[in-house]
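Shown next, in C-alpha cells, is the structure this report addresses.
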Amino acid sequence: MVKDKIITLSDLQNEIKDSIEQRFTDRYWITAEISEIKNHYAGHCYMDLIDRKEGEDSVSAKAQAIIWANSYRIIRPFFETTAGQPLSKGMHVLLCVQVQFSSLYGLSLVVTDIDPTFSIGEQELKRQQTIKRLKDEGMLNMNSSLPLPALPKRIAVISSEQAAGYRDFIKQLQGNEFGFRFCIELFQAPMQGADAPEGIISAMDRVAARVDDFDLLCILRGGGSAHDLACFDDYDLAVNIAQFPLPVIVGVGHDHDYHIADMVAHTSVKTPTALADFLIDIFASEEQQLLYISRRVSMALQNRITEEKSKLQILEHRIIAGSPFALLERGYALLHKNGKRVTDIDEILVGDEVDAFLKGGKLKCIVKSKENEKE
Amino acid sequence: MKKSDIDYRTALEELQKIVEKIEDPNTDLRDISKYVKRANELIKRCRELLREIEDNLPKIT
C-alpha cells in the first residue's frame, strides 16, 4: 500500500464518528445482560452490556453504556419500583439506546429508557427453570427425607453477626420461657447480593467438615428487598442445601417471601424468630409428653390400687355374708352330728344325739321323732 | 445419630411400653411396683436429656 495519504488518528476517528452517526440515527430497543454497573458520583450510571451465545457462557458481544444523570433520575426509581429491585450485575434488561462515538472515549450506547417488565419476566422464567431442574434432579425432597434429631441442641448457624435477624434468633432462643439451653455456633457469610450464594456455600462446607459436632444447620437472615433475597433462588445454593448431610432449616425474610432455598430445605419458617420457636417447640412438646406419661403412670397406679381395694371389699363382704354366724344372728340354728354339719334330714335317725348351734350358745339334743317332708 | 439422641429415643420407647403394662389390668400386682419404679427412672432420665447441656460447644452468650 502506498503511503501517500497519511492521516492522523483524529481524522480516522472523526471519519468513523461521522459514518456511525450518519448510519445510526434512530433509537434502538436492545436486550442485553449487565456485566458491570457503576453509579457515578455525579449521578450518571455506567454499565458494561454483554450478550452470550445461546446456551453458552462465553461472551459474544460487549459494549459500554451510559445513563446520563438527567435520565437516570427518572429511570432508576421507576425501574426499582416496578421490578422490585435495582439494576444490577447479571440482570437481563431491555433498553432503548442511541449510538454515540467519541474520538476520545470510543463507542458507547446512551440509554434513554429501560423496560422493567422485561427483567421481571426474565427473572421469573429463570426461577421457574431452576425449580424444574431441581425437581427433575430429585433435589426438592432430598434434605427433608433426613430424620430430624429428637433433641437438636447443637445448632450450626449460617448468618451474618450484624444482621438483625441473627440477633432476633439468639434473643428468642436464649430467652425461651422454659429455660432450654442450646449450643450455637455461628458461621459467618454474606447474606445478600451476588456474593451470597458462594459465601453461604463455603460456610456450609465448613459446617459439613465438622458434621458430627452438629444436629442441625440453620440458615437465617431478616427480611429484605426482593433483590437482597434473590440470592436464595440460586441453583448452586439450592443443590448444596438439598444434599447437605444434616437437616437444613431456613428462616429467611418475612411472610411474603418464599424462595427456592425454602423449597429444598428440610423445613422452612418465615423468620429467624420463628426458627427459634421451631427449635424451642421441639423440646417443649417432648417435655409436655413426658409430663403426660408421668401422669398416666400415677393415674394407672392409683386406678390399680382402687381396683384391688374394691376387690378386697367385695371378698370381705362375701365372707361375712356367707358366714353361718350371720345366719344365727338372724334366728336360724345349725345342726351338727358327730362334729359334722347336717344338711339333710336323712343323715339323722331317731335317738341320735345332735348339737344345735344358735345365737348365744349350743344345745345338746336327742332326736325323739322325725318327719320327712316328702312323706 | 449422637448418643444422647439414641438414649432418648430408646428410653421413650421403653417408657411407652411400660406405661401400657402398668395400665393393663392383667399385669400381675407383684410386677406393678417394679414397672412403676422403672417408669419413674426413665422419665427422670428423659427429662435430664432434654435439659442437659452439651459441653463440647460454646454456649450462646
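Once you have a ≥ b ≥ c as the square roots of the Cα gyration tensor eigenvalues for the stretch A:163-259, tell me rounded if a/c is under 1.5, and otherwise prolate or oblate according to whether a/b is larger than b/c. Judged from the Cα gyration tensor, the stretch A:163-259 comes out oblate (a/c at least 1.5, b/c at or above a/b). Buried accessible surface for the B/A chain pair comes to about 3300 Å², total over both chains, computed with a 1.4 Å probe. For B:Lys21, go through the aspartates and glutamates and keep the ones whose alpha-carbon is under 14 Å away, minus same-chain ones fewer than eight residues off. Those aspartates and glutamates meeting the cut-off are B:Glu13, B:Asp31. Here the stretch A:212-329 has 56 percent of its accessible surface on carbon and sulfur atoms, given a 1.4 Å probe and all protein chains in place.
Of the cross-linked pairs A:Lys17/A:Lys38; A:Lys62/A:Lys89; A:Lys132/A:Lys153; A:Lys340/A:Lys364; A:Lys38/A:Lys132, those separated by over 23 Å at the C-alpha level are A:Lys17/A:Lys38; A:Lys132/A:Lys153; A:Lys38/A:Lys132. Here the 3J(HN,Hα) profile of the stretch A:233-249, calculated from phi with Karplus coefficients 6.51, -1.76 and 1.60 at θ = phi - 60°, is 9, 5, 5, 4, 4, 4, 5, 5, 5, 4, 8, 5, x, 10, x, 10, 10 Hz, Gly and Pro shown as x.
Tell me, what is the FRET efficiency for A:Lys126 and A:Gln13 to the nearest 0.05, using R0 = 35 angstrom and their Cβ-Cβ distance as r? The computed FRET efficiency comes out at 0.30.
Tell me the net charge near A:Ala326. Cut-off is 12 Å between Cβ atoms, A:Ala326 excluded, with +1 for each Lys or Arg and -1 for each Asp or Glu.
Numbers: positive: A:Arg318, A:Arg330, A:Lys359; negative: A:Glu329.
Cβ neighbours under 12 Å give a net charge of +2.
Full extension of the chain between A:Leu146 and A:Leu328 gives 57.7 nm of extra length, using 0.36 nm per residue less the Cα-Cα distance. Here the Gaussian network model covers chain A, with springs between Cα atoms less than 10 Å apart; of A:Ile260, A:Ile201, A:Ile74, A:Ile74 fluctuates the most. Got a sec? Which residues in the stretch A:51-80 would a label at A:Val110 touch, if it sits 7 Å along Cα→Cβ and we count backbone N under 14 Å? Output list for this probe position: A:65-72. Our note on the geometry: Cα centres of the stretch B:12-40 and the stretch A:198-227, 45 Å apart.
Under the simplified labelling scheme, the A:Asp236-A:Asp281 pair shows an inter-label distance of 3.4 nm, with each label point 7 Å from Cα along Cα→Cβ.
Taking every C-alpha pair closer than 8 Å and separated by at least 6 residues, the mean separation divided by the residue count of the stretch A:102-192 gives a relative contact order of 28 percent.
The values are calculated or read from the model by the stated rules, or taken from the named source; none is laboratory data. None of these values were measured; they are calculated from a predicted model. Virtual Cβ from ideal backbone geometry, glycine too; neighbours counted across all protein chains shown. Just so you know, the surface numbers come from the protein's heavy atoms only, side chains and all, with ligands and any DNA or RNA stripped out. Shrake-Rupley method; radii C 1.70, N 1.55, O 1.52, S 1.80 Å.
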